[in-house]
1. Taking N as the number of residues in the stretch 35-112, what is its Cα Rg relative to 2.2 N^0.38 Å?
2. Suppose a student asked you for the relative contact order of the chain, using Cα pairs under 8 Å spaced at least 6 residues apart; what percent would you report?
3. Using Cα pairs closer than 8 Å and at least 6 residues apart in sequence, work out the relative contact order for the stretch 2-62, in percent.
4. With both bridge residues required to lie in the chain, what share of the DSSP beta bridges run antiparallel, to the nearest 5%?
5. Just to check I understand the Karplus step: with θ = phi - 60° and J = 6.51 cos²θ - 1.76 cosθ + 1.60, what whole-Hz values come out for the stretch 60-77, glycine and proline as x?
6. Take His242, His165 and order them by how many other Cβ atoms sit within 10 Å, fewest up front.
7. Which value, in Å to one decimal place, does the Kirkwood hydrodynamic radius take for the chain when every pair of different Cα atoms is included?
8. Which residue, Ala207, Ala11, Ala126, tops the fluctuation ranking in a GNM of the chain built on C-alpha contacts under 10 Å?
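Read-outs: derived from the displayed coordinates by stated rules, not from any lab. Just so it is clear, the structure is predicted and the values come from calculations on it, not from any experiment. For neighbour counting, all protein chains shown are included, and Cβ atoms are generated from backbone atoms with ideal geometry for every residue, glycine included.
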Amino acid sequence: MLVTTSYNPSAELMAEAARLSVLYGGRNVPRKKYSLELLRRNYKDSSVLLVTREEIRYYEEDHPATFFHPSMSLVRVKRMQRGEPDLLIEASGAVSGDRIVDCTAGLASDAIVFSYVVGMEGRVTALESEKIPAMLIQEGLAQYQSEMPELNAAMRRIEVRHTHHLSYLQQLDSQSVDVVYFDPMFRSPIEESHAISPLRHRANDEAVSLASIAEARRVARKSIVLKENRDSSEFARLGFEHVLRSTTKTTYGVIRLC
């Protein structure tokens with residue numbers, strides 16, 4: 001992976017590119033006046049991490065750029081501030097002070113909503129097995145500035161782990177968290193889901209295993225939640241008997257433990 005900057009970088013931007021290249025195992029190269037495509041050809045590397053003043057963007061071959069953005073979490077938090085319900089929060093039963101493990105964080109939109117709800121007394125751990133998404137959310141959650149101080153605080157509180165959820169769950173003590181959440185790549189993808197599209201080729205597309213659900217049952221005190229296609233057979237396969245009604249193409253299955 002090449003790590004470079006936008007044109008005419010400041011000293012701070014060059015230092016940031018150097019930091020990221022060391023932290024994530026990239027090759028720091030000067031941008032000069034080169035296009036990204038020319039850098040790829042010159043250094044014979046198809047992947048580029050572009051560091052700008054606003055964000056970092058990951059480019060790979062002909063795929064669209066992938067970058068961190070709070071996405072629908074911004075809208076959802078605003079709705080909750082107006083007193084409107086959030087279906088995921090209702091499904092999970094999450095409240096202030098809870099400890100949440102998001103097993104398949106992706107770009108962390110749901111983790112942000114959980115973090116806002118559980119507040120300063122709670123804890124959200126976002127797990128991401130794939131290197132690039134984990135890198136983008138690690139940096140994005142730490143640096144992204146929205147118009148909402150409450151959302152920014154929620155992002156900063158999230159702990160990101162680059163690891164597979166099964167190995168992480170196996171290390172936890174029994175009944176040590178309140179909610180375990182799974183939002184895997186759907187078995188039947190919803191192609192018009194624009195938020196996840198740039199990430200699809202970088203994501204772990206394996207199905208949630210029965211072993212993972214067994215570990216979730218062991219460590220969770222309150223509930224286990226699975227997000228899937230509304231008509232998915234995964235709910236039945238994994239033992240989610242309670243599936244919320246939905247007018248959209250996605251919904252949540254819930255295993256209630258208390």
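1. For the stretch 35-112, the normalised Cα radius of gyration is 1.58.
2. Relative CO of the chain lands at 15 percent.
3. 39
4. In the chain, DSSP labels about 45 percent of beta bridges as antiparallel.
5. Values per residue, Gly and Pro as x: 9, 6, 9, 6, x, 4, 10, 8, 7, 8, x, 6, 6, 4, 4, 5, 5, 5 Hz.
6. If I rank by nearby Cβ atoms, fewest first, I get His242, His165.
7. One over the average 1/r among Cα pairs gives 19.3 Å for the chain.
8. Between Ala207, Ala11, Ala126, it is Ala11 that shows the largest mean-square fluctuation.
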